[in-house]
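Where a number appears in this text, it was derived from the coordinates with a stated rule and is not lab data. For clarity, every value in this text was computed on a predicted model and none was experimentally measured. Reconstructed Cβ throughout: ideal geometry from the backbone, glycine too, with neighbour counts over all protein chains shown.
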Amino acid sequence: MIAIDDFSKVDMNIGHITAVEPVPDTDRLLRLTVDFGEAEPRQVVSGIAEYFEDPQVLVGKQCPFVTNLEPRMIRGLESQAMIVAVHTDDGAFSILEPTMAEMPAGTKLN
């Protein structure tokens, strides 16, 4: 259990995925280019490749991301956020997307 004050330290924002490419020499990693409404898009390295036969289906998607994690080097690439997704013990997986009208890049989750 964590206190609400701890949870409130996590910034989650809607990002628009503008480009996707597999990370060379891996089966699990994708390099996402994500627009958060900032001056420059961010690079996000995520271990979700196995769930997408064609990862290009992610281009144009809006998803929540944790945006205030310390950047992390993964396979020589700096990951600057973390996508929020769900999976079950039996292998079901889903990215999360807003269900209403398109949300502006960078919209904060409350």
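Of all the numbered requirements in (1) in a helix (DSSP H, G or I); (2) closer than 23 Å to GLU102 by Cα, ASP5 misses one, and that requirement is (2).
Yes or no, residue by residue, for (1) hydroxyl-bearing (Ser, Thr, Tyr); (2) under 13 Å from VAL45 (Cα atoms):
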residue	(1), (2)
GLN56	no, no
PHE65	no, yes
GLU78	no, yes
VAL84	no, yes
THR88	yes, no
GLY91	no, no
PRO98	no, no
GLU102	no, no
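Pairs meeting the criteria (first residue in segment 42-62 and of a type in the set (Ser, Thr, Tyr), second residue crowded, with 16+ Cβ neighbours inside 10 Å and not in a strand (DSSP E or B), beta carbons under 8 Å, at least 6 apart or on different chains) are SER46/LEU29.
Looking at VAL20, VAL10, which one is surrounded by 11 or more Cβ atoms within 10 Å (Cβ to Cβ) and outside any loop (DSSP other than H, G, I, E, B)? Steps first, answer last, please.
Numbers: VAL10 fails: outside any loop (DSSP other than H, G, I, E, B).
Going through VAL20, VAL10 in turn, just one is surrounded by 11 or more Cβ atoms within 10 Å (Cβ to Cβ) and outside any loop (DSSP other than H, G, I, E, B): VAL20.
Go through segment 15-30 and count every residue that is on the phi > 0 side of the Ramachandran plot and without any contact (Cβ under 8 Å) to a residue 24 or more places away in the chain.
In the first step, residues of segment 15-30 are kept if they are on the phi > 0 side of the Ramachandran plot; the result is 25.
If we keep only those that are without any contact (Cβ under 8 Å) to a residue 24 or more places away in the chain as well, we get none.
Number satisfying all stated conditions: 0.
Residues that are without any contact (Cβ under 8 Å) to a residue 24 or more places away in the chain and assigned to a loop (DSSP other than H, G, I, E, B) were ranked within segment 31-41; the one that is nearest to the chain's Cα centre (by Cα) is PRO41. Filtering segment 55-95 to residues that are under 26 Å from LYS9 (Cα atoms), surrounded by fewer than 14 Cβ atoms within 10 Å (Cβ to Cβ) and not hydroxyl-bearing (Ser, Thr, Tyr) leaves ASN68, LEU69, GLU70, PRO71, ARG72, MET73, GLU78, VAL86, HIS87.
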